[in-house]
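What follows draws every value from the coordinates through simple rules; no lab data is involved. All values derive from a computational prediction rather than experimental measurement. FYI the Cβ positions are ideal-geometry reconstructions off the backbone, even for glycines, and counts take in every protein chain you see.
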Amino acid sequence: MRRKVLSIFLVFLLALPLCIRIRASGLEWTALAELLDAAPDGLLQSNALTPGDSLSDWVAILAGRSGETGGAEAYLEKLWKEVSRRYEQTGGLDAVQATAWHRTALTVMALGADPTCFGTDAQGQAIDLIADGTYAWDTTESLGTQGLNGWIFALITLDAGAYSVPENAGYTRQEILDAILAAQEPDGGFGLVAGASDVDITAMALQALAPYQERYASEVEQALAYLSAEQTAQGDFISYGTASAESCAQVVMALCALGVDPRTDDRFVKAGGSALDGLLLYQTDTGAFCHILGDEANLLATEQAGLALCALGRLEEGAGRLYDFTDTPLQAYEPKQTRFPYGIVAAVAVLGVGLVILWVWKGKVYGRNNKKTDSGSEKGHCRKG
């Protein structure tokens, strides 16, 4: 079911109108023409994707989680180079935003690679994206300087691979958990900064708290009650005064992470529809999703909705949380040009052995011919004598 849903959804993603332009991280996208024309064999093979860019990486996470991994090798190679370049030039991925590490690590895991040894720094040492972005975060800024999402995705990333935290770590797992819980507002929600709850951040916080929901059942229930109260009669959700596909998608992901069905749970079924129905309101005639009702299709909204549908598919299959990669074999990644050329070495060795054999064989033949010639000369000389 999950693969079927996401395969159809990636067709939606590639079927956006050619005129759409998306702005993300300062990069303007011509979403369709480039994605479709450059990627006939798979989404990740599009030249429109820029590994290391936020929107590109989230599209890669969607592709990886949906099983559409054609082109993953090429994407990982470019991402490895970009991570290495940033470390060599600035010593890290971002001066303030820890989520740059979290997003990159999740992308690497989604494509089957090990984020604890991905890229090399200026000293040629392997980069540990998990440590550097979570428990060993060693910039002058806090993990939460960018807002609560810094703490939230630090925990999501740690738990994505069930990574252990060393005893001498700068942050323990519990300290990260406590930072999230301490930010819960009186109404049960969470906000990017203290003082105001927000649907998106509350949904993200619940995704981080999902593995701990039994331990913090009261906090989780309060957050769910906040989200239920913020749901509109038609099933969608409002964030910062605007109902959007992205807010609906985050809520669906949160519910699925907690094992709550967004289609049937009474708390999230209003007169006009369920939480899933609310998300599907934003699906356009092309199959892609728009940011707000009435707008044209939007790549960011489509990618977020895709992740929500993927989370729902995993819930149906009992496959675990969207960001749970403990069931995925992760391999240490090396770009092609840095890998030891075993094939070439083997070919050279075979060629070398062949040349040696040929040389020995020629030597023997030459020796026999010389011997015959020498013998003939000696006999002729004797006869003359």
Next on the checklist: If amide hydrogens are placed 1.01 Å from N in the peptide plane, which non-local residues have theirs closer than 5 Å to the one on A113?
Outcome noted: Q331
Next on the checklist: Taking 0.36 nm per residue of sequence separation and subtracting the Cα-Cα distance, how much length would be gained by fully extending the chain between E221 and V96, in nm to one decimal?
Outcome noted: 41.8 nm
Checklist entry - Once you put a point 7 Å from the Cα of A74 and another 7 Å from the Cα of E214, both along the Cβ direction, what distance in nm separates them? => result 4.6 nm
Item to check | Label point 7 Å beyond Cα of A122 along Cβ direction - residues of the range 75-92 with amide nitrogen under 11 Å | outcome: 87-92
Next on the checklist: What is the sum of charges, Lys and Arg at +1 and Asp and Glu at -1, for the other residues whose Cβ falls under 11 Å from the Cβ of A243?
Outcome noted: -3
Checklist entry - Can you give the extra length, in nm with one decimal, that the chain gains between Q331 and T140 once fully stretched, where that is 0.36 nm per residue apart less the Cα-Cα distance? => result 65.6 nm
Next on the checklist: Would the range 2-339 count as rounded, prolate or oblate if I go by the C-alpha gyration tensor, calling it rounded below 1.5 in a/c and otherwise prolate when a/b exceeds b/c, oblate otherwise?
Outcome noted: oblate
Next on the checklist: Which order do the peptides 257-266, 147-156, 214-223 come out in when sorted by mean C-beta neighbours inside 10 angstrom, highest first?
Outcome noted: 147-156, 257-266, 214-223
